[in-house]
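Working notes for the structure below.
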Amino acid sequence: MTTETAPVPVTDTALGRAARQAKPSPRVVSLACRNCGRPEPLGPAYVCAACLGPLQVAYDLEAVRQIVDRNLIASRPPGLWRYLELLPVDAPPRRGLAVGATPLVPADRLGMAIGIDRLWIKDDTRNPTLSFKDRAVAIAAARAQAFGIDTLACASTGNLAGATAAAATALGMPAYVFVPADLEPAKIDHALAYGATVVPIEGTYDDVNRLCLEVADETGWGFVNINLRPFYAEGSKTLAFEIAEQLGWRTPDVVVVPIASGAMFTKLAKGFGELAAVGLIEQRPIRFIGGQASGCSPVATAWATGATEVDPVRTPDTFVRSLAIGNPADGRYSVELANATGGSIEAIDDPTTAAAIRQVARLEGIYPETTGGVTVAAAAAARRRGVIEEGDEVVVLLTGNGLKTPEARLLGLRDDCDSPAARPGEPGLAPPIPPSFSAFERWRGGAA
Amino acid sequence: MNVSGATVGEVIAGLVAAYPDLSAQLLDAEGALNRFVNVFVNETDVRHLDGLATPVGEMDQLLLLPAMAGG
């Protein structure tokens, strides 16, 4: 019987040596264990040496409070670096993609359709690689450079692949992207376009992730969502920062967020909490609603059954590949957050997700990938459940662009919709017609 | 390293006996597996098998990893 213990003693790796040479920011104090609170030196470490709990970045929020205010932030260019004091980076990188500053759009028509009076869409489909992952990668990549790491890598369910590949290219670093071999072709091609080396793994995302834990330890590469994870996860906070600033430095009653690992869900809460702690907003209660695909819903199941631990899903069965993590790292924290705030975690089946993609695209002119369908449907489900109440101000996150999952919107569509013979006034593809006005009139008159 | 045992639990007990410092990382106060550790037998998570009671043979490979799955 052979036993391997991998990558626990992170301080003895090449990454650890690089970390010791990095100069810490006075406002970013250290890493700290989310489980036992034990501090760890700032570096590319991700698990507590004492209890193996996950590490997160700890700030001196009183120091931040002394240097940051709304005017300082307003004086800076749009984008995630305008919140520098609450990010684990000493200074914005000299190069890199233009990430963040995505619109917060009033969604009255969608709101009317799903019974929510005051609905906003945070349209994060409009990042450089068309998903919110650019936020997380921007932070991880900047920190990787500070640590002297020369190669960027990731284990991806799809959106992270393109984000990591593009960020690495922008910073002049090589990138290795590990994905499930059966991932949507558009997402693989996206990473290839930026010049990454894409390594398809014959297995589920959880298999990919397990392998990458070992690869990260052996190679010293900077895996944005593994050994750089404490910094990577901080990127999602900038969604909270932007939402609060776009609402005039206040918070909504409800946020609706997709849950894969649960990192974005929990970091949004951390982001709103930090804004209040440094005096940028007033602390008000926010209900956190999560959405998962019912074909891979370990967190929603734990929430629905009142469990405190998340039972992993071995074989995800959903077309929402971005959320197909059977063993989510922040699952337990996500359940705790939903419970503590009076929120919920909804499980959405694939046909309902597809219908929600069509709904938001046709009512609001925003075309999300599958995760966006999940969050719109989760908002509707939470409204029916009564977690969202009449008069609530609700922000739904759309975190990836529909062009990444081009077949998804068609699931469950009746044959007579979007068929290749659409008539005037119908949504769908009309038959080809000759380039003459008379042919157009014949088609318009119903003769086609 | 090679550790003997007929089940995952026995192998981990043997490992902790050989390296007592691992006890605090791998096991909780009741002797159960720390929830931040994932244990794989030949690349399958033991939670999908019989947990610590999962039988193991001479040629099986046990992998201990931090619970760190996230896209």
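Read-outs throughout are calculated quantities, based only on the coordinates presented, and are distinct from any laboratory measurement. All values derive from a computational prediction rather than experimental measurement. Neighbour counts run over all protein chains shown; Cβ positions are idealised from the backbone, glycine included.
Numbers for the structure displayed
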| quantity | calculated |
| --- | --- |
| Inter-label distance, nm, simple model (7 Å from Cα along the C-beta direction), A:Asp189/A:Glu426 | 2.9 |
| Estimated dipole of the stretch A:178-278 in Debye, rounded to 20 [Cβ of Lys and Arg +1, of Asp and Glu -1, Cα centre] | 440 |
| Net dipole in debye of chain A [+1 Lys, Arg Cβ; -1 Asp, Glu Cβ; about Cα centre; nearest 20] | 960 |
| Residues A:His190, B:His48 arranged by fewest to most Cβ contacts within 10 Å | B:His48, A:His190 |
| Equivalent ellipsoid semi-axes - Cα gyration tensor, the protein assembly as shown, angstrom | 39, 28, 23 |
| Residue-by-residue Karplus 3J(HN,Hα) for the stretch A:139-151, coefficients 6.51, -1.76, 1.60, Hz, glycine and proline x | 5, 4, 5, 4, 5, 4, 4, 5, 7, x, 6, 9, 9 |
| Computed lengthening from A:Asp90 to A:Glu389, 0.36 nm per intervening residue step minus Cα-Cα distance | 103.5 nm |
| Simple label model, 7 Å out from Cα along Cβ direction - A:Arg118 to B:Ser4, nm | 7.0 |
| Selection of trypsin sites (Lys or Arg not before Pro), the stretch A:344-448, meeting DSSP coil and at most 14 other Cβ within 10 Å | A:Arg414 |
| Long-range amide H partners of A:Asp182 with built H, under 5 Å | A:Gly203 |
| Shielding by partners - mean other protein chain Cβ count within 10 Å, residues of A:201-214 | 3 |
| Charged-residue dipole, Cβ positions (Lys, Arg, Asp, Glu), the stretch A:321-448 about Cα centre, Debye nearest 20 | 400 |
| All aspartates and glutamates inside 20 Å of A:Lys404 as judged from Cα atoms, apart from same-chain residues fewer than 8 positions distant | A:Asp123, A:Asp124, A:Asp134, A:Asp182, A:Glu184, A:Asp189, A:Asp317, A:Asp349, A:Asp350, A:Glu364, A:Glu369, A:Asp418 |
| Backbone N under 18 Å from the B:Ser23 label point (7 Å along Cα→Cβ), restricted to the stretch A:22-61 | A:50-52 |
| Partner lysines for A:Lys237 [C-alpha distance under 18 Å; skip if fewer than 8 residues away on the same chain] | A:Lys122, A:Lys133, A:Lys267, A:Lys270 |
| Overall form of the stretch A:261-414 per C-alpha gyration tensor (a/c, 1.5; a/b vs b/c) | oblate |
| Selected from A:Gly248, A:Pro427, A:Val29, residue furthest toward positive end of dipole (chain A; charges at beta carbon) | A:Gly248 |
| Cα lying deepest toward the dipole's positive end in the protein assembly as shown, options A:Ala140, A:Leu110, A:His190, charges on Cβ | A:Leu110 |
| Over chain A, relative contact order from alpha-carbon pairs under 8 Å, at least 6 apart, % | 14 |
| Theoretical ellipticity at 222 nm over chain A - DSSP helices of four or more residues, -39500 (n - 2.57) apiece, nearest 500 | -11000 deg cm²/dmol |
| Long-range HN-HN contacts of A:Gly291 with modeled amide H, under 5 Å | A:Val257, A:Ile259, A:Glu346 |
